[in-house]
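**Q** Supplied in structure tokens, the structure appears directly below.
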Amino acid sequence: MKSHAKAVVIGGGVVGASVLFHLAKAGWKDVMLIERSELTSGSSWHAAGGFHTLNGDPNVAKLQAYTVQLYKELEEISGQSCGLHLTGGVMMADTPERMDFLRLTHAKGRYLGMETELITPSEAKAMFPLMDETNFVGAMWDPVEGHLDPSGTTHAYAKAAKKLGAEIVLRNRVVELTQEVDGTWNVVTEQGTVKAEHVVNCGGLWAREIGRMVGLELPVLAMEHMYLLTEDMPEVVEFNKSTGREMIGVIDFKGEIYTRQERNGVLLGTYEKAATPWSPVETPWSFGHELLAPDLDRIAPSLEVGFRHFPGLEKAGIKQIINGPFTFAPDGNPLVGPVQGLTNYWTACAVMAGFSQGGGVGLALSNWMVHGDPGFDVWGMDVARFGEWATLRYTNAKVRENYSRRFSIRFPNEELPAARPAQTTPLYDTMVTNNAVMGDSWGLETPLWFAPKGTEPKDIVSFHRSNDFEHIGNEVRATRERVGVTEIANFAKYEVAGPGAEDFLNRLMTNRMPKTGRLVLTPMLNEFGRLIGDFTIAKAAEERFMIWGSSAAQKYHMRWFERHLPKDGSVRLHRFDQTLVGLSIAGPCSRDLLAKLVDIDVSTKNFRFMDFREIAVGGAPSMVNRVTYTGDLGYEIWMAPAYQRLVYAAIKQAGQEFGIVDFGMRALLSMRLEKNFPTWFRELRPIYGIFEGSMDRFIKLDKNDFIGREQAAKEQAEGPKLRRVSFMVDAIDADVMGDEPIWAKAGATDYRTVEAPHGFGAPRYDVTGKKVCGSAAANGNDSSGIRGIVDGDWRVVGWVTSGGYAHYVQKSMAQGYVPAALAQNESEGLFEIEILGRRRPARINIAPPFDPSGEKMRT
Ligand SMILES: Cc1cc2nc3c(=O)[nH]c(=O)nc-3n(C[C@H](O)[C@H](O)[C@H](O)COP(=O)(O)OP(=O)(O)OC[C@H]3O[C@@H](n4cnc5c(N)ncnc54)[C@H](O)[C@@H]3O)c2cc1C
């Protein structure tokens, strides 16, 4: 074993092997993988080996598609078979709601270039004859699904990595990690110490323990998982003989079952409701190539449904039951990337579908380590998406919930109950007493909307407009016509101070820093000119700035800030999290209301739009920004938690004469829609340029050199390919939720060269090398290279990022991205947006429908 390496990958499961392969492929030859036992000694050896591309997050779906495409190349490089069976698969819907879900998934697939198809239960049965199709109302077919040999695949990655120069050390446990002052890692193993620039935690079942070696509690938990294998079945043999095909994979939502052919029988696995964690606190180092004791009682309810839906299975003998542990993060997606607060400590763990995701995880992480950026939008699996609240117990509750809901529908208005409430503000009890329906915002309880007194504060979950619709409308109208108050503790808040503070922010942000007592809105770019942040910044004093941003991105942004902090100590950075909370008042009476709470002149002359003041509000020391996300006249008031009840009580009491109402996050989001305001993580993400995001007003290319400036200047000079636009949609009883395809009528204008940044760029191949997706024929690409689905004169040209009902202007609205050449075209009849699988007319709406001149917020 060598004593130095550029990077040490800890763990030789499918994920570690993939990371090693991708690092070597990216040009880092001096890399090694250290495995405590043999390769695949964690979860990887007993996996069922299924793979698919579908994922709720289109960006993760893209990386899954990459994984599936990679296998052919991997076999060629390594000379090792992955044992691929590209059978295709179906998801079966047993109710109209599940069919809506499949329509939604299918629609999403259209702009990703996926070739899914909605089919009848009988068509599904023709490919999986063991089913009783009368149990189902419909199905969705995906040709890019199948199964492989888990051990062969892991060894294929490893062999390919070795061929590219990487080293693999087996039977050698990493026992300790320490770091030198210069950042070098000492990877202490049973066979000696390796000095490394970078370490990667691919510890799978032991990822938690490898995190603890550096004082990190990663939110990851292993769950027991069972699948069974039947004896040979004559029906299977007969099907193979008569059709010349293998039976397909099937997901049965109702039974929470996945099933497929395995040799001449069937494999059937469940994600049962009685989800059972394995080794919840610590994973024993002695655990090896072992299986857990099967527990058929636990999966009996699923099997009961399964035998009803697939009667052929009931008669089959069970040959073997596999029960093994594998790991999950609280939301079921991997934990990938550099860990905030540590240098060159990387994670690639909690990968629950290693054979669908391992390739994409390896590619993204190696890009990140070698080139400084993952090269994709990997937010959905970024380790930075969890905060300190994701403790061991939180993770336990959430992972169990996630596991048991693996095949359940998550409705767009559905808040999941496990591990809540976690964090609360001092107003939590008051909000609950006020009949608020609470939601989870990055671990913080936040009012979503207020149910009328005497009714149960509860969402009726639905893909359609629901029981909150009328009440959100009332909150919006009262705010727009009088005044409303809402909690805004769920923003990120930072302070940047010191003699180097202004230069630091000027280097990071695209807009000029404000004068003392003023605010600016400013995006932040990475070196590639892509959007990685959007903030409100106040200059509180000569060397002190306050920053507000997206709550969920706190760790993500801290990681970036810390990376760019000057080494000379001239800048101090502080994240408040819940040590600073807030309230916002908005509406035409909000100034008169504020005047009653403060002892200064708040007339526009003295307290202008985009002013910042440190004053007492209702007797509490506060910071006040004259700006709100409602786009109306309004103020954000920030205070220490100890004062929040005092300020709220003062606002409510003084607001009585104006008819003040409480409003929640949903009303706030409805109001921002009618102002065409974007949201972070929906409209603004690292896959878009600043001009694509229509954020032109917030970049000053001539102010000074800042990160991303050169690329942004290039984007401006060449013209953005895409533009973010707002639409009015002729919706019926359901509004867009995000990720719906946008259709345009051909001939509207020239929009040839555009491709979705998270679409499946390259064609996909089946095991025989035949193109199965992304081909011109399959996907409707024409000779000019336009990707996307075509239907007569119409083709998919873009995608929705978010939307909903804009209650004050009484319109269904959507925001999304279309080719720049189409973005100025406000004509009727040019666009359609697919809602729940049905295309509805839509029209671009350039000026915001509420207060287009911005007069209300300025006067
Ligand atoms: C019953 C079952 C069915 C499954 N079915 C599927 C499926 O159909 N499709 C799918 O995609 N996924 C499936 N999975 C999940 C899949 O197995 C995992 O996603 C995958 O194995 C995760 O791989 P990994 O490399 O992250 O972790 P692991 O496989 O757990 O590998 C971690 C490795 O790190 C090593 N290690 C840990 N600590 C140290 C240390 N200190 N020093 C050195 N080495 C160390 C371990 O020995 C181990 O080899 C299934 C899992 C189970 C249990």
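The values are calculated or read from the model by the stated rules, or taken from the named source; none is laboratory data. From a predicted model like this one, the values you see are computed outputs, not experimental measurements. Counting neighbours? That spans all protein chains shown, and the Cβs are built from the backbone with ideal geometry, glycine included. Note: accessible area is taken over every heavy atom of the protein model, side chains too, but ligands, DNA and RNA are not part of it. Shrake-Rupley method; radii C 1.70, N 1.55, O 1.52, S 1.80 Å.
**Q** Do we find that Arg512 is part of a helix (DSSP H, G or I), farther than 30 Å from Lys458 by Cα and open to solvent by 10 Å² or more (accessible area, probe 1.4 Å) in this structure?
**A** No.
**Q** What are the residues in the range 1-40 that are near the ligand (Cβ under 9 Å from one of its atoms), under 15 Å from Asn201 (Cα atoms) and open to solvent by 30 Å² or more (accessible area, probe 1.4 Å), if any?
**A** Arg36
**Q** Among the numbered conditions (1) at pLDDT 95 or above; (2) within 16 Å of the ligand (Cβ to nearest atom), tell me where Asp142 comes up short.
**A** (1)
**Q** Does Ala350 qualify as being under 28 Å from Trp560 (Cβ atoms) and within 13 Å of the ligand (Cβ to nearest atom)? Lay out the reasoning, then the answer.
**A** Details: under 28 Å from Trp560 (Cβ atoms): yes; within 13 Å of the ligand (Cβ to nearest atom): yes.
Criteria met by Ala350.
**Q** Just one of Glu75, Glu97 is more than 16 Å from the ligand (Cβ to nearest atom) and either under 30 Å from Ser802 (Cβ atoms) or out of contact with any Ser or Thr (no Cβ under 8 Å at 6 or more places or on another chain) (or both); which is it?
**A** None of the other options fit; the residue is Glu97.
**Q** Considering the range 134-161 alone, what residues qualify as being surrounded by fewer than 18 Cβ atoms within 10 Å (Cβ to Cβ) and either without any contact (Cβ under 8 Å) to a residue 60 or more places away in the chain or among the aliphatic types (A, V, I, L, M) (or both)?
**A** The answer is Thr134, Val137.
**Q** In the list Leu525, Leu505, which residue meets the criterion of being buried (at least 22 other Cβ atoms within 10 Å of the Cβ), farther than 16 Å from Asp696 by Cα and within 28 Å of the chain's Cα centre (by Cα)?
**A** Checking each option against the conditions leaves just Leu505.
**Q** Moving on. Residues in the range 46-58: is at least one open to solvent by 30 Å² or more (accessible area, probe 1.4 Å) and out of contact with any strand residue (DSSP E or B) (no Cβ under 9 Å at 6 or more places or on another chain)?
**A** Within the range 46-58, one or more residues are open to solvent by 30 Å² or more (accessible area, probe 1.4 Å) and out of contact with any strand residue (DSSP E or B) (no Cβ under 9 Å at 6 or more places or on another chain).
**Q** Only one of Val250, Val236, Val266 is touching a helix residue (DSSP H, G or I) at 6+ places or on another chain (Cβ under 7 Å), of a type in the set (A, V, I, L, M) and at pLDDT 95 or above. Can you tell me which? Show your work before the answer.
**A** Numbers: Val250 fails: touching a helix residue (DSSP H, G or I) at 6+ places or on another chain (Cβ under 7 Å); Val236 fails: touching a helix residue (DSSP H, G or I) at 6+ places or on another chain (Cβ under 7 Å).
Within the list Val250, Val236, Val266, the selection yields Val266.
**Q** Okay, next question. Mind listing just one residue for me: the one in the range 796-815 that is touching a residue at least 60 places away in the same chain (Cβ under 8 Å) and open to solvent by 30 Å² or more (accessible area, probe 1.4 Å) and, of those, nearest to Ala734 (Cα to Cα)?
**A** Tyr805
**Q** Out of the strands (runs of 3 or more DSSP E) lying entirely within the range 310-367, which hold 3 or more residues that are within 24 Å of Arg260 (Cα to Cα) and out of contact with any helix residue (DSSP H, G or I) (no Cβ under 6 Å at 6 or more places or on another chain)?
**A** Of the strands (runs of 3 or more DSSP E) lying wholly inside the range 310-367, those with at least 3 residues that are within 24 Å of Arg260 (Cα to Cα) and out of contact with any helix residue (DSSP H, G or I) (no Cβ under 6 Å at 6 or more places or on another chain) span 318-328.
**Q** Considering every residue within the range 199-208, establish whether at least one is surrounded by fewer than 16 Cβ atoms within 10 Å (Cβ to Cβ), on the phi < 0 side of the Ramachandran plot and not charged (D, E, K, R).
**A** Checked the range 199-208: no residue is surrounded by fewer than 16 Cβ atoms within 10 Å (Cβ to Cβ), on the phi < 0 side of the Ramachandran plot and not charged (D, E, K, R).
**Q** Right, another one. Anything in the range 96-121 that is open to solvent by less than 20 Å² (accessible area, probe 1.4 Å) and either modelled with pLDDT under 85 or closer than 12 Å to Glu834 by Cβ (or both)? List them, or say none.
**A** Ala107, Gly109, Tyr111, Leu112, Gly113, Met114
**Q** Identify the residue in the range 318-347 that is over 23 Å from the mean Cα position of the chain (by Cα) and among the β-branched types (Val, Ile, Thr) and, among all such residues, is farthest from the ligand (Cβ to nearest atom).
**A** Thr343
**Q** Is it fair to say Val68 is within 14 Å of the ligand (Cβ to nearest atom), among the β-branched types (Val, Ile, Thr), modelled with pLDDT of 90 or more and buried (at least 24 other Cβ atoms within 10 Å of the Cβ)?
**A** Yes: the conditions hold for Val68.
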